[in-house]
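Throughout, read-outs are computed from the coordinates displayed, never taken from laboratory work. Because the structure is predicted, anything quoted here is derived from the model rather than measured. Here Cβ is always computed from backbone atoms with ideal geometry, including for glycine, and neighbour counts include all displayed protein chains.
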Amino acid sequence: MLAFEPVDMAWSRPWRAGDDLCLALNKGDELKVAKLLSIVLSLGVKDLHGWQLLLTACKTGHEVCVRTLLDAGAYTEAVTTGGRRPLHIACQWGHEACVRMLLDAGANKEAVTKDGRTPLHIACQWGHEACVHCCRRVPTRRQ
């Protein structure tokens, strides 16, 4: 009979660390969050669709996940293949709290997608008035 050591799934399949992290965040499991957060950020873990976790958290509107990732130093300018950043995603889905957190963390409100749309354009397109107001309240960056 063969004996096997238990395998830490986060190490054997890095993309699982992101799934496990979101579950731990939702449960408030601080020990597991601390363990997985270092793995996720150091490996630049992406989900099965190639999105970094901050993008996914902004799409789903998990405010605790977004705050935790930002506090741990997640990159606010992570980009999808279409050129969307976390701020674009949060504006599209109408997650005002996530928009505020991203802007407060220094996300670029003038960043454009491959088709030339800013987060403000996207918030207007989807009719998310609160997100529009959030984007408009932040001063434009000086070059």
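Highest mean first, the peptides 23-31, 75-83 sorted by other C-beta atoms within 10 Å per residue fall in the order 75-83, 23-31.
Phi angles of segment 101-114 translate, via the Karplus equation with coefficients 6.51, -1.76, 1.60 and θ = phi - 60°, into HN-Hα couplings of 4, 5, 5, 5, 7, x, 4, 7, 6, 9, 4, 10, 6, 4 Hz per residue; Gly and Pro are given as x. Amide H contacts of Gly83: Lys114, each under 5 Å away and 5 or more positions distant or on a separate chain (H built 1.01 Å from N in the peptide plane; Pro and chain starts excluded).
Beyond 25 Å in Cα-Cα separation lie the following of the pairs Lys35/Lys109; Lys32/Lys59; Lys32/Lys114: Lys35/Lys109; Lys32/Lys114.
Amide hydrogen proximity for Ala72: with H placed 1.01 Å from N in the peptide plane, no residue at 5 or more positions away or on another chain lies under 5 Å.
What the phi angles of segment 67-74 give under the Karplus curve with 6.51, -1.76 and 1.60, with θ = phi - 60°, is a coupling list of 4, 5, 5, 5, 4, 8, x, 4 Hz, glycine and proline written as x.
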